[in-house]
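S.K.: Here you go, one structure.
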2 protein chains.
Amino acid sequence: MHGETQPLGIALAAVVGAGHVTAALDIGERYRVDVTRKYASRPAFLVRPATTDEVAAVVRVASAHRTPVTVVGGQTGTVGSAVPSDGGIALSLERMNRITEIDLLSMTMTVEAGCLLQIAQEAAEDKGALLPLDLGARGSAMIGGVIGTNAGGNRVLRWGMMRDMVFGLEAVLADGTVISSMTKMLKDNAGYNWKHLLIGSEGTLGIVTRAVLRLRPLPSTRQTALVAAPNFGKCIEVLRRLEITLSGRLSSFELMWEDFYERMTEAQLPVRPRPLPLGYPIYALIEAMGGDVEGDDAQFERALNTLLEESAIQDAVIARSERERQALWAVREDLQLGIAPMRPFRSYDVSMGVSDMPAFVDTARKNVSVAYPNAQMIFYGHAGDGNLHALVTIGAPMDADVEMRLDTSIFDAVRGVNGSISAEHGIGISRAPFLSWTRSKRELELMQALKQVFDPQHILNPGKLMDACGGLPK
Amino acid sequence: MHGETQPLGIALAAVVGAGHVTAALDIGERYRVDVTRKYASRPAFLVRPATTDEVAAVVRVASAHRTPVTVVGGQTGTVGSAVPSDGGIALSLERMNRITEIDLLSMTMTVEAGCLLQIAQEAAEDKGALLPLDLGARGSAMIGGVIGTNAGGNRVLRWGMMRDMVFGLEAVLADGTVISSMTKMLKDNAGYNWKHLLIGSEGTLGIVTRAVLRLRPLPSTRQTALVAAPNFGKCIEVLRRLEITLSGRLSSFELMWEDFYERMTEAQLPVRPRPLPLGYPIYALIEAMGGDVEGDDAQFERALNTLLEESAIQDAVIARSERERQALWAVREDLQLGIAPMRPFRSYDVSMGVSDMPAFVDTARKNVSVAYPNAQMIFYGHAGDGNLHALVTIGAPMDADVEMRLDTSIFDAVRGVNGSISAEHGIGISRAPFLSWTRSKRELELMQALKQVFDPQHILNPGKLMDACGGLPK
């Protein structure tokens, strides 16, 4: 092992070539600072390997030097998971961006970790297939990142999270060995499922280098509607009814409380007129996809008409064109204008049983308003997944104490309904102080034991998830 | 700890009550012998705890006595996973059989591990919900068993394996502590996913005591057809086309090679006439479920008609009644008459990329016929999942050498296509000698390290999966 005797930079250059090692001061901001601009760092080296073997060799060098390694992907995470350690190695897999196979019989795509999600989506689409994972950061998020964080998004209701799309996986472990099971099948009950342990581990158990992803046939029809319901219970009844009548086709069911809807649509006036009037307690954006060109639109309309006739919904608008479809989605996704007046705000991504959502929203509102009577909050989210997002502002800049008090208010409400402090964004740095509010002592002990098996030197993405604050409950 | 000083039986009786401890000679056959009657054992005690705390206390006693603990469920596994150790504890959770909640807003069911699958299915159905996992052994398999083996079945194509239906999980670990995350939501990215490690670990990492299962809205329509295709490629084209046109509704796509179809239908004559004539190379049983009473049947028929017109399929019959539906399923599921002339046979449950299936079938046939020129083989399976079942007979009784030679022939073909030696039945005892044919050295080392974390004394179901034969490749 040269790594033990050579200086770190020389050892790294020997692995990937001097042209693919960048020293501290020359490292670009996008490898050091995350999208929230909350976390920044000063890594000693940026290293850009070209192959799995090079990644393995880099990790062996890091291990010999006891130097932290953090994979820097699209840097679009929101909890600081992919911010390198000061003095550590920032590992970019951007050169490992190839799609090496699309197998339309097996409906799989074999892809390197540095491939952008959007590139992978488009490559699948070109072949008439769908890579169902979709999220706003598709143009910057890398496949390795969406696997490492078990990304969710707007279509989890139908196709699941990233976890559910990974058939095969290859990763470099902390000792610089490669673990690989690049299989193409849904079913494989031959031993402990280490893949599921790596997926969502935020780069702390291994470095994902390649994957075989499950594809689906590309839908040829799409129906989108915005509906208004008299209360939360009715809205969930609508969700369940549509899951039956659109059986299997329902891909999104995005819940928006009245204050969210009012704020977002208000900000987009007059360019975009409100698709439905104000005044309803709850709104839902509904999307279905299918492949029956003759039947799907009519089925969707029939389903909504029935719900209107039965007063399960009070109002509805169906998109009649791609332009109208985008306008409906803009209410839910084009958040920048609407949330601008709330800056600075703190955002949350929590989950719970659907039946517990109203209690959570009530308690969270109460907790926050006790602490900050003038605070404003909006709620929205992926109702079918039990996943709510919330934004909170106190109408003033927030220091660390305020943030902690807000977090405590929200996560106390989460704990009260046996929910999770992170539905899809992960733990990273920012959620780590509250990990013990959502995981029991025994779970945390087990997680620490697992970390010890995978990475006894704690060189893989240290300071994140378990590491950040001890993790054990006080 | 009394366990260290008291005799084992007395310590166990102190935990669960003397009435729920049965000593060796009084233990009924169904707790000692599995359904294949290939594996039998002489456990020292049968223990039937009533609560999770009692399970934990039993495990603490076992740990103090260094005595193996094996959960005996429905004993319908086929690889010997649930056969107790000689002199060990057979743990039956049959008294822990309650369904404690069905939450129709969250669409979840909270259930104890000893509940029979069929009871859970029926309880869901009574409330208008579907627990989608279904398999032939539904009347004997327990929830803990289908979680411990990550069971599959006939509807994986649409709803996934058992793994995909577990939202919350509670288990007793080898040190007698309880690990629990009985949550009700699809999304939870807060730390390492230990649930997925326990699911499918065949009782070697922990004892599942309770779970929160995901329910789905109960479909109200069902369409079933048998089709014939000119070759494997066309048959898979049909699968992919139906995945589009029946978008999301397709729940089963069961492939049957000609020899399987001939044998099964022949055996059922004249009671059941052949639904389609002989002479086609490949047959598929297709089922879809939905909730659109007005549209589903017509959509299904239209889809098949299009495939007929385009010669993707050569023949088709649609079930017009529940009786006809059952007759079509009988071809695939009512195997006893058809396979009787093949006894004694050896059965396989393997998986691979769908595109590799023809190569696998060819190689497997060749390998077997080189070893045994008069051997007969039939293939059938869940094509959409990459899962094939095979039965092989050499027309004579098989000793251990013959079995090993057949296994080698089949698993060599599996290895050649980067497949798995166990798609859904697990490893248990019978597949353990070949685990290294489907998992790499690094994977096996990691699995052993994980076992060491969970069960350093090797008291949980020893002799199964990793344990049986060292597991490491020669």
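The values are calculated or read from the model by the stated rules, or taken from the named source; none is laboratory data. Because the structure is predicted, anything quoted here is derived from the model rather than measured. Virtual Cβ from ideal backbone geometry, glycine too; neighbours counted across all protein chains shown. These area figures cover heavy atoms from the full protein model, side chains too; ligands, DNA and RNA do not enter into them. Shrake-Rupley method; radii C 1.70, N 1.55, O 1.52, S 1.80 Å.
S.K.: Just name the residue that is farthest from the chain's Cα centre (by Cα) out of those in region A:33-64 that are among the charged types (D, E, K, R) and under 27 Å from residue A:169 (Cα atoms).
M.R.: Kept after step one, since they are among the charged types (D, E, K, R), are these residues of region A:33-64: A:34, A:37-38, A:42, A:48, A:53-54, A:60.
In the following step, the residues that additionally are under 27 Å from residue A:169 (Cα atoms) were identified as A:34, A:48, A:53-54, A:60.
Values: A:34: 15, A:48: 24, A:53: 28, A:54: 28, A:60: 30 Å.
Among them, the one singled out is A:60.
S.K.: Just wondering, is there one or more residues in region A:218-235 that are surrounded by 19 or more Cβ atoms within 10 Å (Cβ to Cβ), assigned to a loop (DSSP other than H, G, I, E, B) and either over 22 Å from the mean Cα position of the chain (by Cα) or facing another protein chain (nearest Cβ under 7 Å) (or both)?
M.R.: So far as region A:218-235 goes, yes, one or more of its residues are surrounded by 19 or more Cβ atoms within 10 Å (Cβ to Cβ), assigned to a loop (DSSP other than H, G, I, E, B) and either over 22 Å from the mean Cα position of the chain (by Cα) or facing another protein chain (nearest Cβ under 7 Å) (or both).
S.K.: Only one of (1) surrounded by 14 or more Cβ atoms within 10 Å (Cβ to Cβ); (2) touching a strand residue (DSSP E or B) at 6+ places or on another chain (Cβ under 8 Å); (3) in contact (Cβ under 8 Å) with a residue 40 or more places away in the chain fails for residue A:24. Which number is that?
M.R.: Single failed check for residue A:24: (3).
S.K.: Which of the residues belonging to region A:371-415 are over 30 Å from residue A:241 (Cβ atoms) and of a type in the set (D, E, K, R)?
M.R.: A:399, A:401, A:403, A:405, A:407, A:412, A:415
S.K.: Among the hydroxyl-bearing types (Ser, Thr, Tyr) and touching a Pro at 6+ places or on another chain (Cβ under 7 Å): does that describe residue A:63? Don't jump to the end; show me each part of the working.
M.R.: Values: among the hydroxyl-bearing types (Ser, Thr, Tyr): yes; touching a Pro at 6+ places or on another chain (Cβ under 7 Å): no.
No.
S.K.: Step by step: first the residues of region B:27-44, then only those that are in contact with a helix residue (DSSP H, G or I) (Cβ under 9 Å, 6 or more places away or on another chain) and under 26 Å from residue B:211 (Cβ atoms), then the one that is surrounded by the most Cβ atoms within 10 Å (Cβ to Cβ). Which residue is that?
M.R.: Going through the qualifying residues, I end up with B:43.
S.K.: Does region A:97-113 contain at least one residue that is assigned to a loop (DSSP other than H, G, I, E, B) and more than 25 Å from residue B:353 (Cβ to Cβ)?
M.R.: Here is the first cut: in region A:97-113, the ones assigned to a loop (DSSP other than H, G, I, E, B) are A:97-98, A:104-107, A:113.
This time we only want the ones that are more than 25 Å from residue B:353 (Cβ to Cβ), so: none.
There is no residue in region A:97-113 that is assigned to a loop (DSSP other than H, G, I, E, B) and more than 25 Å from residue B:353 (Cβ to Cβ).
S.K.: Quick check on region A:399-436: of everything there that is more than 30 Å from residue A:71 (Cα to Cα) and in a loop (DSSP other than H, G, I, E, B), which residue is nearest to the other protein chains (Cβ to nearest Cβ)?
M.R.: Result: A:418.
S.K.: Further question on the same structure: Cβ-Cβ under 6 Å, sequence separation 6+ or interchain: first residue in region B:154-172 and at the interface with another protein chain (Cβ under 10 Å from one of its Cβ atoms), partner open to solvent by 20 Å² or more (accessible area, probe 1.4 Å). Which pairs?
M.R.: Partner pairs satisfying both residue conditions: B:167/B:184; B:167/B:214; B:168/B:182.
S.K.: Which residues, taken from region A:416-453, are under 22 Å from the mean Cα position of the chain (by Cα) and surrounded by fewer than 18 Cβ atoms within 10 Å (Cβ to Cβ)?
M.R.: A:418
S.K.: Name the residues in region A:55-78 that are open to solvent by 40 Å² or more (accessible area, probe 1.4 Å) and not β-branched (Val, Ile, Thr), would you?
M.R.: A:60, A:65, A:66, A:77
S.K.: For residues that are closer than 15 Å to residue B:438 by Cα and modelled with pLDDT of 50 or more, tally how many sit in region B:449-474.
M.R.: Residues of region B:449-474 closer than 15 Å to residue B:438 by Cα: B:465-466, B:469-474.
With modelled with pLDDT of 50 or more added as a condition, the list becomes B:465-466.
Number satisfying all stated conditions: 2.
S.K.: While we're on this one: Tell me the helices (runs of 4 or more DSSP H) entirely within region A:275-387 that contain at least 1 residues that are within 14 Å of chain B (Cβ to nearest Cβ) and surrounded by 15 or more Cβ atoms within 10 Å (Cβ to Cβ).
M.R.: Working: elements: A:296-309, A:322-333, A:336-339, A:357-371.
Output list reads A:296-309, A:357-371.
S.K.: Another one. For residue A:154, are the conditions met, namely being polar (S, T, N, Q) and at positive phi?
M.R.: On the way: polar (S, T, N, Q): yes; at positive phi: no.
No.
S.K.: For region B:392-405, name all the residues that are surrounded by 15 or more Cβ atoms within 10 Å (Cβ to Cβ) and more than 15 Å from residue B:38 (Cβ to Cβ).
M.R.: B:392, B:393, B:394, B:405
Residue-wise test of (1) over 22 Å from residue A:186 (Cβ atoms); (2) out of contact with any Lys or Arg (no Cβ under 8 Å at 6 or more places or on another chain).
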position: B:351; (1), (2): no, no
position: B:361; (1), (2): no, yes
position: B:398; (1), (2): yes, no
position: B:414; (1), (2): no, yes
position: B:429; (1), (2): yes, no
position: B:432; (1), (2): yes, no
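S.K.: Right, something else. Could you check region A:173-216 and list, in sequence order, the residues that are within 8 Å of chain B (Cβ to nearest Cβ) and small (Gly, Ala, Ser)? Let's see the steps before the verdict.
M.R.: Going through region A:173-216, the residues within 8 Å of chain B (Cβ to nearest Cβ) turn out to be A:173, A:177-194, A:196-197, A:199-201, A:205, A:216.
Residues satisfying the conditions are A:180, A:181, A:190, A:191, A:200, A:201.
S.K.: Could you check, for region B:442-457, whether at least one of its residues is assigned to a helix (DSSP H, G or I) and under 19 Å from residue A:184 (Cα atoms)? Don't jump to the end; show me each part of the working.
M.R.: So in region B:442-457, the residues assigned to a helix (DSSP H, G or I) come out as B:442-454.
Now drop any that are not under 19 Å from residue A:184 (Cα atoms), which leaves B:443.
Among the residues of region B:442-457, at least one is assigned to a helix (DSSP H, G or I) and under 19 Å from residue A:184 (Cα atoms), which makes the answer yes.
S.K.: Based on this model, can you work out whether residue A:122 counts as surrounded by fewer than 24 Cβ atoms within 10 Å (Cβ to Cβ) and in a strand (DSSP E or B)? Walk me through it before giving the result.
M.R.: Numbers: surrounded by fewer than 24 Cβ atoms within 10 Å (Cβ to Cβ): yes; in a strand (DSSP E or B): no.
Taking the combined requirement at face value, the residue does not satisfy it.
S.K.: Restricting attention to region A:125-134, and to residues there that are open to solvent by 10 Å² or more (accessible area, probe 1.4 Å) and more than 13 Å from chain B (Cβ to nearest Cβ), which single residue is nearest to the chain's Cα centre (by Cα)? Let's see the steps before the verdict.
M.R.: Let us first name the residues in region A:125-134 that are open to solvent by 10 Å² or more (accessible area, probe 1.4 Å), namely A:125-128, A:130, A:134.
Keeping just the survivors that are more than 13 Å from chain B (Cβ to nearest Cβ) gives A:125-126, A:134.
Values: A:125: 22, A:126: 25, A:134: 9 Å.
That would be A:134.
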